[in-house]
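One structure is given below, encoded as structure tokens.
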Protein chains: 2
Amino acid sequence: MKLTSFTDYSLRVLIYLGTDTSRRATISEVAAAFDVSENHLMKVAHFLGQQGWLTNVRGKGGGMELALAPKDIVVGKVVRIAEAGDLPAACFSSEPDSCPIARICRLRGALNDAVNAFYAVLDGYTLEDLVQNRAMLGKALQIQPLTFLR
Amino acid sequence: MKLTSFTDYSLRVLIYLGTDTSRRATISEVAAAFDVSENHLMKVAHFLGQQGWLTNVRGKGGGMELALAPKDIVVGKVVRIAEAGDLPAACFSSEPDSCPIARICRLRGALNDAVNAFYAVLDGYTLEDLVQNRAMLGKALQIQPLTFLR
């Protein structure tokens with residue numbers, strides 16, 4: 001059972017931004033911190049912006065910042081929406097020919113219950129829960145504090 | 001959140017065999033019923049045999065048959081073992097460089113709880129639960145009954 005790298009990176013960007021909400025971050029800075037491609041992160045940032053979780057501020061001193069407080073970003077919701085196109089199995093497809101037993105298969109109901117249980121657990125977490133250890137995260141990600149704030 | 005096609009096909013083979021336990025099935029017959037590749041199913045059948053869920057009988061009249069009663073094959077166990085190599089996210093990797101925050105990341109614990117909840121639901125189902133509607137499954141899969149049995 002695998003999440004897409006798109007979801008993985010969406011969560012990483014949110015964790016990065018939630019670690020120090022007093023500063024903005026550039027795509028290239030987050031890409032360097034996690035050693036992932038900037039191109040991939042640009043798509044992720046666009047998605048997170050569309051969903052209302054982050055704001056892109058242009059110009060000098062610009063960059064990404066959270067559009068909501070970390071406590072108001074529910075992890076389950078982020079994962080559910082980021083994973084929307086990634087169906088658990090062929091029987092979840094709307095295409096009638098995905099599997100000859102799709103319409104009568106009892107596995108589909110079982111899998112659906114299991115997927116719901118998975119998201120129900122993640123609905124119990126907000127981004128704030130994931131960044132409680134801000135000092136350690138900031139160090140691991142080498143986030144530079146803004147000098148005028150410290 | 002996606003299961004591998006390997007897991008999907010493992011479950012399909014078990015459902016096929018569980019639909020009519022009075023007969024053996026060949027790989028090519030199951031591949032035709034689900035319109036999937038024989039090569040792929042051969043690997044699946046080998047895996048299911050290794051795990052003790054099916055037996056391959058050689059020779060004339062041979063083929064695959066369940067090695068256990070459908071009620072003794074737990075769906076959660078099949079999915080868990082078939083998915084073993086497919087990690088939910090990079091932080092589940094044993095490689096230390098998979099993500100710079102892997103050792104301190106609280107998302108990992110949350111995802112682990114969510115994955116466990118997913119499997120806990122599937123542990124509540126056996127293959128017997130999935131093939132209760134045998135007549136409908138047999139028809140949809142065009143499984144030919146053995147004439148001497150009917």
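Values quoted throughout were computed directly from the atomic coordinates according to the rules given, and no laboratory measurement underlies them. The model shown is predicted, which means the values in this text are computed figures rather than measured ones. In this analysis, Cβ positions are derived from the backbone assuming ideal geometry, glycine residues included, and neighbour counts consider all displayed protein chains.
Just a few scattered comments:
- Modelled FRET efficiency - R0 45 Å, residue A:134 with residue B:4, Cβ distances, 0.05 increments: 0.80
- Among A:25, A:114, A:45: highest mean-square fluctuation, GNM of chain A, C-alpha pairs under 10 Å: A:114
- Ellipsoid semi-axes in whole angstrom, largest first, where each is sqrt(5λ) of the Cα gyration tensor of segment A:5-149: 35, 16, 12
- Mean separation of Cα contacts under 8 Å, 6 or more apart, over the residue count of segment B:44-130: relative contact order %: 34
- Per-residue Cβ neighbour counts within 10 Å put B:119, B:16 in the sequence B:119, B:16, beginning with the fewest.
- Per DSSP, loop trypsin sites (Lys or Arg not before Pro) in segment B:38-95 with at most 15 further Cβ within 10 Å: B:58, B:60
- With contacts taken as Cα pairs under 8 Å and at least 6 residues apart, chain B reaches a relative contact order of 30 percent.
- Per-residue ellipticity at 222 nm computed for chain B from its helices equals -14000 deg cm²/dmol, with DSSP H segments shorter than 4 residues left out and the rest contributing -39,500 (n - 2.57).
- For the protein assembly as shown, the Cβ-based charge dipole about the Cα centre amounts to some 60 debye (Lys, Arg positive; Asp, Glu negative; other atoms uncharged).
- Quotient of C-alpha Rg and 2.2 N^0.38 Å, computed over segment B:80-130: 1.40
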